[in-house]
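Colleague: Here it is, the structure, as structure tokens.
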Amino acid sequence: EKTVFLAVVSQEDPPLAVFELLDRVYQVLVRYLGEVSEDSLRTNFSTVYLLLDEMIDSGLPFTTEMNSLESIIAPPSAIGKVVQVVSGTSTQVLSDVPANPNEGGGAFGAISSALGSVTHTQMGGASAEVWWRKANVNYASNEVYVDIVESIDCICNGQGNVISGGISGDVQLNTKLSGLPEVLLTLRNPGVLQNASFHPCVRLHRFQRDKALAFVPPDGDFTLASYWIPDTTLNLPFHFSVSVNYHAEHGKISISAAPKLAVTMQNKQMLIDKFVVNVRLPSSIASASL
């Protein structure tokens, strides 16, 4: 099942801005729903409607930061659904006024507060300067997880040499820190971030001066930086060979690929998660047997 995201514009707009907004909508839906499908959209229609209403105002991007949305619209949770079924109420939209169990909530308000299903945070960010992070964040233990995910997108010839392309990568973080933490991330090779886009939390003057990423992170998962390395002299972690033979009535393509043991031995943590071979055939091909 495939879900297509469509943006309708009434005037000329930068295409990358539209793509970025659609990608942000998808990331938000994944965070709230777990899986974006027709069934999940129908089941959580009210939540999706509220999210789109907050993210886009009068056709313009408005609130797209995850922490800001979570402070306004409660993410679906197992405990929250149990409380809603028992109490017969909905707590989709949060309030900046703390609930009083003695007024209107009754016993169910006390139960939901005790279970922790209803959390009241300040609307917006922790402050005007740190608008991307929600306020009153507390954890029993402070932890930060960093993942660097890279993918290779290139065109190679039959000898295995890279003709064009490069590497696209994301620095993904999952932060579980209390208060307003100051995080400093140093890179062994900061040159990879020459063609990079950063999250608004990154202090650009500090990166330009010290080549280090200093920031007050949002709470939870987010992408700290995305970069692109246009390099045709890459030492790819795999090698392959291709041969094409044409005959009178048919043609034969032979493709073989294998990992480079020399590269994987040098970096034992290198892992090729997925390898895709894309064979594009013209429309004039009557049939193909793969």
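Colleague: Expressed as a rounded percentage, what relative contact order does segment 145-255 have, with Cα pairs under 8 Å and six or more residues apart?
Modeller: 31
Colleague: Length gain on complete extension for the stretch residue 221 to residue 252, per 0.36 nm per residue less the alpha carbon to alpha carbon distance?
Modeller: 6.5 nm
Colleague: Compute the Rg/Rh shape ratio of segment 15-77: radius of gyration over Kirkwood radius, all on alpha-carbon atoms.
Modeller: That ratio is 0.95, to two decimals.
Colleague: Once the Cβ-Cβ distance between residue 174 and residue 274 is put in as r, and R0 is 25 Å, what FRET efficiency do you end up with, to the nearest 0.05?
Modeller: On the way: r = 21 Å, r/R0 = 0.86.
Given R0 = 25 Å and the Cβ-Cβ separation, E is 0.70.
Colleague: Another question, if that's okay. Taking the Cα-to-Cβ direction at residue 27 and at residue 6 and moving 7 Å from each Cα, how far apart do the two end points lie in nm?
Modeller: The modelled label-to-label distance comes out at 2.5 nm.
Colleague: If you don't mind, another one. Pop out the carbon and sulfur fraction of the accessible area of segment 15-77 as a percent, whole number, probe 1.4 Å.
Modeller: Percent of accessible area from carbon and sulfur atoms in segment 15-77: 58.
Colleague: Report Rg (one decimal) and Dmax (nearest whole number) for segment 143-230, counting Cα atoms only, units Å.
Modeller: 15.4, 55
The values are calculated or read from the model by the stated rules, or taken from the named source; none is laboratory data. The structure presented is a predicted model; accordingly, all values stated were derived computationally and were not measured. No Cβ is skipped: glycine too gets one built from the backbone with ideal geometry, and neighbour counts run over all protein chains shown. Heavy atoms of the whole protein, side chains included, go into the accessibility calculation; ligands, DNA and RNA do not. Shrake-Rupley method; radii C 1.70, N 1.55, O 1.52, S 1.80 Å.
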